[in-house]
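Encoded as structure tokens, the structure appears first; notes follow it.
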Amino acid sequence: MKMDERKQRILMAIIRDYILTAEPVGSRTIARKYKLGVSPATIRNEMTDLEDMGLIEQPHTSSGRIPSDLGYRYYVDYLMENEKMSEEAEQLVLDEYDKKVKDVGQVIQRTGQLLTQLTNYTSLVLIPSVSVSSFKYIQLVLMSPTQAMVLVVLDTGTVNHRMIEVAENIKQSDLDIISKVLNAKLQGKNMESIKLSLIRDIYMELSVHKQVLNLAMELMEQSLTVEKKDKIYLGGVFNILDQPEFQNIDKVKTLLSLLEQEQLLCDLMSDVSNEGVTVRIGGEINKDEIKGCSMVTSGYQMGGKMMGRIGIIGPTRMEYARTVSVVEFLTRSLSDALERMLRGG
């Protein structure tokens, strides 16, 4: 869509003012606040053209206009300038990941809290599905003459453990042999890639430790299959309800009903193929319940592969430049934190 510079500046002024005030913007306001060097009458003519182009709307009989979804889309694609996070905000994020880097659950949860804190919108963090997780390593540790602990670590950083009963004649050296064989045979594999023939080989090699092996394999299987569907962490729900757009009780009920549907939110977060930041505005989300909302999401990685997505949901009248910069920085920081966990750093 071609647009001359004056129309672009007027559209930008309408969007900036509406984001700030949540009130329809009139020509006199633009002329007074934004010093465009043209009269209110000229601005009104340009606003009429912008309305004909579908970029702004007149919500009621007042002279004020508000941006349309198409107007926001034009702004995000062509007019929005990059906005770098402050050094203080960046340091806050890095400090928090340094504190939580040893526990993947805490890292995921804190990511959502940071997204909410830095944007004042509602955060969504899609947690990795364990069905795509792979076995990283196993360790068996003798805790007493008749008890051992089985530790199973997945490539997502998840750690599962269980105490098992062992015969009194079992020594730590026996458990080390079992751990060594299992790690050599199964490292990097998920449930779909562990074939029956491989399991048979393991049992043949460790036949004298069948009882301990059975319990270790059982824990591994549970670790890799206990959760086969994605989960989502939702934070700052009341932030979106504080926005002027959602003061209507029916809108609030509709939005809360959607935010309670975990699988639907997972689908909305997963319905994007690219790893970079994606901005979906209003009707682009294809859900009537949140047609007054926008979503900014991005995919995070671990071990070089996509693990999930983080994002923000807020009104279409959101501060897109600031939100995009926060999501970008949090995505990089989360991926780096998970990478350190994977390396054991």
Candidates Ile15, Ile313, Ile199; GNM for the chain (alpha-carbon contacts under 10 Å) flags as most fluctuating Ile199
Length gained, Lys180-Leu20, 0.36 nm per residue minus C-alpha separation, equals 51.5 nm
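Could you work out the helix-only [θ] at 222 nm for the chain, with each DSSP H run of four or more residues adding -39,500 (n - 2.57) and the total divided by the number of residues, to the nearest 500 deg cm²/dmol? If you can, show how the numbers build up before the last one.
Details: 13 runs with 164 residues, N = 345.
The per-residue figure over the chain is -15000 deg cm²/dmol.
Averaged across orientations, what area in nm² does the convex hull of the alpha carbons in the chain project?
Answer in nm², one decimal: 21.4.
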In debye to the nearest 20, the charge dipole size for the range 258-345, taken about the Cα centre with +1 at each Lys and Arg Cβ and -1 at each Asp and Glu Cβ, equals 300
Honestly the range 5-79 on the Cα gyration tensor test (a ≥ b ≥ c root eigenvalues; a/c under 1.5 rounded, otherwise a/b vs b/c for prolate or oblate) is just rounded
Relative contact order in percent for the chain (Cα pairs under 8 Å, 6+ apart) equals 20
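Once fully extended, how much extra length lies between Leu79 and Gln187, figured as 0.36 nm per residue of separation less the alpha-carbon to alpha-carbon distance? Working shown, then result.
On the way: separation 108, 0.36 × 108 = 38.88 nm, distance 4.87 nm.
34.0 nm is the gain from fully extending Leu79 to Gln187.
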Helix 5-21 sits off the longest principal axis of the Cα atoms of the chain, rounded to the nearest 10 on a 0 to 90 degree scale, by 70
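With every protein chain present, what is the per residue accessible area of the chain (1.4 Å probe, Å²)? Mind dumping the intermediate values first?
On the way: 17220 Å² over 345 residues.
Per-residue value: 50 Å².
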Measuring from the longest principal axis of the C-alpha atoms of the chain, the long axis of helix 87-100 (C-alpha) lies at a number of degrees, nearest 10, equal to 20
Contact order relative to length for the range 25-106, counting C-alpha pairs under 8 Å separated by 6 or more residues, stands in percent at 19
Nearest 10, in degrees from 0 to 90: the angle of helix 196-205 to the longest Cα principal axis of the chain is 40
In the chain the accessible area split gives carbon plus sulfur, as whole percent at 1.4 Å, a share of 49
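The values are calculated or read from the model by the stated rules, or taken from the named source; none is laboratory data. On a predicted model such as this, the values are computed, not experimentally measured, just so you know. So basically every Cβ, Gly included, is an ideal-geometry build from the backbone, and we count neighbours across all protein chains shown. For accessibility, only protein heavy atoms count, side chains too; no ligands or nucleic acids. Shrake-Rupley method; radii C 1.70, N 1.55, O 1.52, S 1.80 Å.
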